[in-house]
Amino acid sequence: MHAQRVRSAEVIIIGAGLAGAATAFFLTQRGVRDVLLLEGEVVPGAHASGRNAAMVRQVVPDPEVAALARQGAAFIRQAAEAQHQPGLYRQTGSLLLASGPDWESLQLDAEVAEQAGTAAECLTPSETAGRVPILQGAEFDGAVWCPSDGVVDVAWLLAYYLEHAQRAGAQLLTDCPVTGFGVRSGRITSVITRDGPIHGEVAVNAGGAWAGEVGRLAGAAPVALTAYRRHLFVTGPLDWVAPTWPFVWDVTHQLYFRPESSGLLLCPCDEVPWPPELPPVDPAMAEFLAEKVTKHLPGLTSIPLLRSWAGLRTFAPDRRFVVGWDPVLAGFFWVAGLGGHGVTVSGALGALASNLILAGPKNSAGPFDPARLLATREHPDK
Ligand SMILES: Cc1cc2nc3c(=O)[nH]c(=O)nc-3n(C[C@H](O)[C@H](O)[C@H](O)COP(=O)(O)OP(=O)(O)OC[C@H]3O[C@@H](n4cnc5c(N)ncnc54)[C@H](O)[C@@H]3O)c2cc1C
């Protein structure tokens, strides 16, 4: 569909990754049908939402993020179950390994999960290796087993949000980059595309790694977002890998792996600031992964890697999501800075964002409100 044919919309969402798609889904579920999603790429999900590890992880250190992760995981489980199609959500569980002070903190995070009703059991190293035998010889003080974690079919999840939203009236325009905004008296009046302006009083910034740039184009508050490149690697088939293994994340040494297509997917948790673009693969990262594996997961030493890719994870300075009305520009709403949790939390964030959009500008997402990032700027007297 061409932008010329769409002249206005009640809510215009910029970006059709998981953030934008989930927001559109919940807006339409709550009765807002005149929703327009504008995606700059030819297909939705070309960036972080199509280049991630697809893991649903609920035990995380920040309690505010953990609450959304539990809610997001429950949404994914229920949506997948309702499809009656195996494989959309593989509830493999997860093993989070840690040592030293990290092990102390991880046990506290597990307690928080337990208190909120999400099973999270502490295991000794030998109990852990009993579940995933190649962990024998790895050095860690203990592990948290979270049985309801798992791996989601992300292409399905994104399509689920988009198709339901479209069925309920939302429109999606792809190959339609937003190049500017119309603003009058401090309010959004339109969103500019190369096919002309589209009138609307609510613009939702779900631009992922580009969200900072989209905010600047609009003249919104200067929310500092930084994108970081991260690599993923996959092996060919390995006959000793059980497809039922949980995902395993060594949080002390920052390294994870999980079964993928009869082999393994691995990540060295590299984190290099990167400009918003499709990031190239750095060949040195295979060496970085090999070094980490040899040191910390000796059971996986010398496994042949078949291919790799990189994607961008985007963070606010305090690493919390940015969800809510812009403190400067009326009608401009942020759903950004999803970092490394965007798959897991998408359902919860979409629900939160749509509630706030419907409740109007006086309402805040508390710990995720964009205004918090302005308050932390240095006082001029200092
Ligand atoms: C390597 C890697 C591994 C990860 N693993 C996991 C994991 O296991 N579990 C998990 O929960 N999360 C994971 N994540 C994080 C997750 O993928 C992201 O948090 C999530 O995909 C972000 O979604 P988004 O919609 O904000 O951004 P994106 O998916 O980047 O979507 C933003 C969209 O906005 C569009 N856009 C930007 N500017 C414009 C414009 N001007 N006009 C129109 N469109 C525009 C872009 O084209 C893009 O499609 C991982 C991320 C990476 C990179």
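The values are calculated or read from the model by the stated rules, or taken from the named source; none is laboratory data. Remember, it's a predicted structure, so these values are computed and weren't measured experimentally. Neighbour counts run over all protein chains shown; Cβ positions are idealised from the backbone, glycine included. Please note that ligands, DNA and RNA were not included when accessible areas were found on the heavy atoms of the full protein model with its side chains. Shrake-Rupley method; radii C 1.70, N 1.55, O 1.52, S 1.80 Å.
Just a few scattered comments:
- Residue in region 296-313 that is more than 15 Å from the ligand (Cβ to nearest atom) and free of Cβ contacts under 8 Å to residues at least 60 places away in the same chain present: yes
- For region 328-371, filtered to residues that are among the β-branched types (Val, Ile, Thr) and within 11 Å of the ligand (Cβ to nearest atom), the residue that is surrounded by the fewest Cβ atoms within 10 Å (Cβ to Cβ) is Val343.
- Enumerated strands (runs of 3 or more DSSP E) restricted to region 132-237, each holding at least 1 residues that are within 15 Å of the ligand (Cβ to nearest atom) and of a type in the set (D, E, K, R): 226-235
- Figure legend. Inter-residue proximity from region 347-369: first residues more than 18 Å from Arg319 (Cα to Cα), second residues open to solvent by 40 Å² or more (accessible area, probe 1.4 Å) and of a type in the set (D, E, K, R), beta-carbon distance below 7 Å, spacing 6+ or different chains. Indicated pairs: Ser354/Arg30; Leu358/Arg30.
- Just so you know, in region 304-327 the residues that are surrounded by fewer than 22 Cβ atoms within 10 Å (Cβ to Cβ) and among the aliphatic types (A, V, I, L, M) include one that is nearest to Ser190 (Cα to Cα), and it is Ala310.
- Any hit, region 54-70, residues being in the same structural domain as Val251 (by TED's automatic domain parsing), within 16 Å of the ligand (Cβ to nearest atom) and in contact with a helix residue (DSSP H, G or I) (Cβ under 6 Å, 6 or more places away or on another chain): no
- Just one of the listed residues (Arg229, Arg194) is basic (Lys, Arg) and open to solvent by less than 20 Å² (accessible area, probe 1.4 Å), and it is Arg229.
- Set Ala22, Ala82, Ala98: member being open to solvent by 10 Å² or more (accessible area, probe 1.4 Å) and not acidic (Asp, Glu): Ala82
Yes or no, residue by residue, for (1) surrounded by fewer than 22 Cβ atoms within 10 Å (Cβ to Cβ); (2) under 10 Å from His231 (Cα atoms):
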{"site": "Phe247", "(1), (2)": "no, no"}
{"site": "Thr252", "(1), (2)": "yes, no"}
{"site": "Trp274", "(1), (2)": "yes, no"}
{"site": "Leu278", "(1), (2)": "yes, no"}
{"site": "Met285", "(1), (2)": "yes, yes"}
{"site": "Leu289", "(1), (2)": "no, yes"}
{"site": "Lys295", "(1), (2)": "yes, no"}
{"site": "Thr301", "(1), (2)": "yes, no"}
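- Residue within region 160-167 that is open to solvent by 30 Å² or more (accessible area, probe 1.4 Å), at pLDDT below 95 and touching a helix residue (DSSP H, G or I) at 6+ places or on another chain (Cβ under 6 Å) present: no
- Gln91 vs. criteria surrounded by fewer than 22 Cβ atoms within 10 Å (Cβ to Cβ), over 14 Å from the mean Cα position of the chain (by Cα), within 16 Å of the ligand (Cβ to nearest atom) and without any contact (Cβ under 8 Å) to a residue 60 or more places away in the chain: yes
- So Ala138, is it within 22 Å of Leu297 (Cβ to Cβ), touching a residue at least 60 places away in the same chain (Cβ under 8 Å) and open to solvent by less than 60 Å² (accessible area, probe 1.4 Å): yes
- Residue within region 104-116 that is at pLDDT 95 or above, open to solvent by less than 50 Å² (accessible area, probe 1.4 Å), under 16 Å from Thr344 (Cα atoms) and charged (D, E, K, R) present: no
- Residue within region 198-211 that is over 18 Å from Glu10 (Cβ atoms) and surrounded by fewer than 24 Cβ atoms within 10 Å (Cβ to Cβ) present: no
- All of Ile76, Ile13 fail the test of being among the aliphatic types (A, V, I, L, M), at pLDDT 95 or above and outside the structural domain of Ala336 (by TED's automatic domain parsing), apart from Ile76.
- Residue within region 34-46 that is buried (at least 17 other Cβ atoms within 10 Å of the Cβ), within 8 Å of the ligand (Cβ to nearest atom) and either among the polar types (S, T, N, Q) or in a strand (DSSP E or B) (or both) present: yes
- Scanning region 182-191 for residues that are within 14 Å of Ala9 (Cβ to Cβ) and open to solvent by 20 Å² or more (accessible area, probe 1.4 Å) yields one hit, Thr189.
Rundown of residues vs (1) touching a residue at least 40 places away in the same chain (Cβ under 8 Å); (2) closer than 22 Å to Pro61 by Cβ, yes/no style:
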site: Arg230; (1), (2): yes, yes
site: Gly236; (1), (2): yes, no
site: Gln254; (1), (2): no, yes
site: Glu260; (1), (2): no, no
site: Leu266; (1), (2): no, no
site: Ala286; (1), (2): yes, no
